[in-house]
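Participant: So that we are looking at the same thing, I have put the structure below in structure tokens.
The values are calculated or read from the model by the stated rules, or taken from the named source; none is laboratory data. Computed from a prediction, not measured in an experiment: that's the story for all the values here. We place every Cβ from the backbone using ideal geometry, glycine too, and count neighbours over all the protein chains shown. Please note that ligands, DNA and RNA were not included when accessible areas were found on the heavy atoms of the full protein model with its side chains. Shrake-Rupley method; radii C 1.70, N 1.55, O 1.52, S 1.80 Å.
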Amino acid sequence: MSETPCVLAADVGGTNLRVALVSAAGDTLQQSECPTPREGDAEELIEALSSTASKLIEGRSESMPRAFGVALAALVNPRNGTVYSSPNLPQLDGTEIARLVSERVGVPVIVENDATAAAIGEHWLGAAKGIDNVICLTIGTGVGGGLILDGRPYRGVGGTAGELGHLCVEPEGHPCGCGSRGCIEQYASATAIVRIASELQSERSSTLKSIPEFSARDVYNAAVKGDEVALATFSKMGRYLGAAIADLINALNPELIIIGGGGAGSWDQFIDHTWTEIRARAFSAPVDAVTIVRAALGGEAGLLGAAKVALDRTPA
Ligand SMILES: [Zn+2]
């Protein structure tokens, strides 16, 4: 019987850390999850990641994983396996994470930005299968971006390309965690939905006033019921998102744009506003060529993308 090749893959977010053994066909064979150590130093996080991975392959009699792909909520350099910076995992700033994890787990480690990994995952097994020019936007607490250009992940000269959440849509706008102002992340993320609704409800009546600390989900539910403030919030969010996407369409002429993350759940409330803004701003030829869809892999995209990166870097 021939051995089935497999790899280790991890998705390290600000809240949870998940590691899995993934087959060459993209099947998750085994997985383990734990909370991401947030308070401690880099060593603590590297140890949690390494030991979770090591436990998955301990005593394994079948083929051992050939490599370990790690998707991180951070600005990373996949070429040398270091972290430039991460607002969500600041203890990792400047860490040679690939080398340190590889020394403990005993397999080569490749790091990838989590949103780029999500784009790779969707291109491999999800909504972008077989499509070569794809932009992936992940709307969650922030807004992440990933690019597949001419069939390959686009990382730029230092590995940091695709930070689409920090496209500026309002030069004097709301301050962003990246140090700039008016980034699309400040107008289209779940965090932004709550802020915009809070600002709008001070001027108008809204059912949201009865919820002490409402969430983006509450704003969505209110919009579905016709709440004026919630509807105005998604109109604003959708239009800002459309302005950013119009720039991306003009710049890159993609065939497909994928919107994923928890924020994609509000799709029916914002997408018409997004399209209106795109049509008002971008050239019609690239607009006619593009489709916008929801992500297909949900929370699995980053992990599967990390697995694909590991499979691609190692000979079969
Ligand atoms: Zn920013």
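Participant: Mind giving me the FRET efficiency for K129 and E33? R0 is 22 Å, r the Cβ-Cβ distance, nearest 0.05 is fine.
Facilitator: Once rounded, the FRET efficiency stands at 0.25.
Participant: Further question on the same structure: Working with all protein chains in place, sort K225, K308 by solvent-accessible area computed with a 1.4 Å probe, largest first. Intermediate values should be presented prior to the final figure.
Facilitator: Details: K225 175, K308 50 Å².
So the residues, ranked largest to smallest area, are K225, K308.
Participant: Please state the charge dipole magnitude for the chain, taken about the Cα centre, from unit charges on C-beta atoms (+1 on K and R, -1 on D and E), reported in debye and rounded to the nearest 20.
Facilitator: It comes to approximately 300 debye.
Participant: Moving on. Leaving out ligands, DNA and RNA but keeping every protein chain, what accessible area does H166 have, in Å² rounded to the nearest 10, with a 1.4 Å probe?
Facilitator: Surface accessible to solvent at H166 totals approximately 60 Å².
Participant: Across the chain, how many lysine pairs, 8 or more apart or on two chains, come within less than 29 Å at their alpha-carbon atoms? Could the numbers behind the result be given before it?
Facilitator: Details: K55/K308; K129/K308; K209/K225; K209/K236; K225/K236.
Pairs that pass both the separation and distance tests number 5.
Participant: Give the dimensionless ratio obtained when the Cα radius of gyration of segment 80-224 is divided by 2.2 N^0.38 Å. Mind showing how you got there, number by number?
Facilitator: Working: Rg = 18.6 Å, N = 145, 2.2 N^0.38 = 14.6 Å.
Scaled against compact globular proteins, the figure is 1.28.
Participant: Something else now. To one decimal place, what Kirkwood hydrodynamic radius in Å is obtained for segment 216-316 from all pairs of distinct Cα atoms? Kindly include the intermediate steps, with their values, before the conclusion.
Facilitator: Working: mean 1/r = 0.0657 Å⁻¹.
One over the average 1/r among Cα pairs gives 15.2 Å for segment 216-316.
Participant: Report the percentage of all Cα-Cα pairs in segment 72-119 whose separation exceeds 13 Å, rounded to a whole percent.
Facilitator: Working: 583 of 1128 pairs.
Considering segment 72-119, 52 percent of its Cα-Cα pairs are separated by more than 13 Å.
Participant: Taking only DSSP H segments of four or more residues, each worth -39500 (n - 2.57), what value at 222 nm results for the chain once the sum is divided by all its residues, to the nearest 500 deg cm²/dmol?
Facilitator: Working: 10 runs with 121 residues, N = 316.
Value at 222 nm, helices only: -12000 deg cm²/dmol.
Participant: To the nearest 0.05, how large is the calculated FRET efficiency for E203 and R181 if R₀ is 22 Å and r is the Cβ-Cβ distance?
Facilitator: After rounding to 0.05, the efficiency reads 0.45.
Participant: Could you calculate, for segment 148-232, the ratio of the Cα radius of gyration to the Kirkwood radius, expressed as Rg to Rh?
Facilitator: Numbers: Rg = 16.7 Å, Rh = 14.8 Å.
Rounded to two decimals, Rg over Rh is 1.13.
Participant: Report the FRET efficiency, 1/(1 + (r/R0)^6), for T15 and R195, where r is their Cβ-Cβ distance and R0 is 25 Å, rounded to 0.05.
Facilitator: Efficiency, rounded to the nearest 0.05: 0.80.
Participant: If you average 1/r over all unlike Cα pairs in the chain and invert the result, what Kirkwood radius do you get in angstrom?
Facilitator: Numbers: mean 1/r = 0.0495 Å⁻¹.
In the chain this quantity evaluates to 20.2 Å.
Participant: For segment 169-286, what's the relative contact order in percent, using C-alpha pairs closer than 8 Å and at least 6 residues apart?
Facilitator: Details: 137 pairs, mean separation 28.5, N = 118.
Across segment 169-286, relative contact order equals 24 percent.
Participant: Could I ask something else about it? Using only C-alpha positions, report the orientation-averaged shadow area of the convex hull of segment 112-155, nm², one decimal. Present the calculation step by step, with values, prior to reporting the outcome.
Facilitator: Numbers: hull surface 11.1 nm².
In nm², the orientation-averaged hull projection of segment 112-155 is 2.8.
Participant: OK, next. How long are the semi-axes of the equivalent ellipsoid of segment 139-179, taking √(5λ) for every eigenvalue λ of the Cα gyration tensor, in whole Å from largest down?
Facilitator: Details: eigenvalues 109, 25, 18 Å².
Gyration-tensor ellipsoid for segment 139-179: 23, 11, 9 Å.
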